[in-house]
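Asks: Dumping the structure here so I can ask a few things about it.
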Amino acid sequence: LAAFADLRELRLGTRRLTAAGHKSLATLDKLEVLQLEKADDATVRHLAPLSRLRRLNLNSTSVTGRGLDAFPLLTRLSLEDSQADDAGMACLTALPRLRMLDVSQSEITGAAFAHLSGLRWLEDVYASQTDVRDKHLVQLEALKSLDYLSLWSTKVTKRAAEALRTKRKGLSIHR
């Protein structure tokens with residue numbers, strides 16, 4: 001991969017890489033945008049040297065979220081249709097620049113929202129088709145930058161969504 005040392009963006013889609021392939025990606029130390037669709041937590045560990053990553057897309061993977069704290073410069077993290085879970089989302093506290101989080105169709109419950117409280121720049125959260133419930137929305141009230149919340153096909157009621165919208169003027173909620 002020496003010929004690609006200055007590469008800033010890489011989208012591999014559904015290409016399956018070996019562990020050696022994942023390790024070789026870690027040599028692309030100028031990479032800022034990465035999309036992998038065949039990955040797991042071991043892959044995330046191999047990618048830890050990519051300290052410049054700003055956008056990471058791990059949709060349709062078996063990534064749980066563990067190890068993502070290795071990327072503190074992330075502004076966009078997409079884990080749609082992944083195995084992301086509440087415990088794995090604890091890493092989010094180490095991503096202070098995060099502006100967009102997509103955990104739709106993942107294994108999270110609204111309990112994962114507890115890990116968002118310190119993310120002062122978080123603007124967009126996509127949590128459709130997850131086990132988010134009314135009681136979890138209170139954890140989002142303090143997110144002053146939150147502009148958009150997608151809760152389509154969750155167990156959040158219209159009443160709870162309206163209550164959050166009342167407390168957070170300007171918040172757009174799609175349910």
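Asks: Can you list residue pairs whose Cβ atoms sit under 6 Å apart, with the first residue in the stretch 51-76 being closer than 17 Å to Trp121 by Cα and open to solvent by 70 Å² or more (accessible area, probe 1.4 Å) and the second being part of a loop (DSSP other than H, G, I, E, B) and at pLDDT 95 or above? Count only pairs 6 or more apart in sequence or on different chains.
Replies: Arg54/Glu32; Arg54/Leu73; Arg54/Thr75
Asks: Could you list, ordered by first residue, the pairs with Cβ atoms under 6 Å in which the first is in the stretch 16-34 and within 10 Å of Leu47 (Cα to Cα) and open to solvent by less than 40 Å² (accessible area, probe 1.4 Å) and the second is of a type in the set (A, V, I, L, M, F, W, C) and in a helix (DSSP H, G or I), at least 6 apart or interchain?
Replies: Filtered contacts from the stretch 16-34: Ala26/Leu47.
Asks: Could you check how many residues of the stretch 26-43 are touching a His at 6+ places or on another chain (Cβ under 9 Å) and closer than 15 Å to Ala70 by Cα?
Replies: The qualifying residues number 3.
Asks: Sticking with this structure for a sec: Counting residues that are closer than 23 Å to Val63 by Cβ, which strands (runs of 3 or more DSSP E) fully inside the stretch 103-175 reach at least 1?
Replies: In the stretch 103-175, 124-126, 148-150 are the strands (runs of 3 or more DSSP E) which contain 1 or more residues that are closer than 23 Å to Val63 by Cβ.
Asks: Related question: Name every residue in the stretch 94-123 that is surrounded by fewer than 18 Cβ atoms within 10 Å (Cβ to Cβ), among the small types (Gly, Ala, Ser) and either free of Cβ contacts under 8 Å to residues at least 12 places away in the same chain or within 20 Å of Thr64 (Cβ to Cβ) (or both), in order of residue number.
Replies: Across the stretch 94-123, the qualifying residues are Ala94, Ala111, Ala114.
Asks: Hey, can you tell me all the residues within the stretch 35-50 that are part of a loop (DSSP other than H, G, I, E, B) and open to solvent by less than 30 Å² (accessible area, probe 1.4 Å)?
Replies: Residues satisfying the conditions are Leu36, Ala39, Leu50.
The values are calculated or read from the model by the stated rules, or taken from the named source; none is laboratory data. Note that the coordinates shown come from a computational prediction; the quantities given were computed from them, not determined experimentally. Here Cβ is always computed from backbone atoms with ideal geometry, including for glycine, and neighbour counts include all displayed protein chains. Surface areas here come from the heavy atoms of the whole protein model, side chains and all, with no ligands, DNA or RNA. Shrake-Rupley method; radii C 1.70, N 1.55, O 1.52, S 1.80 Å.
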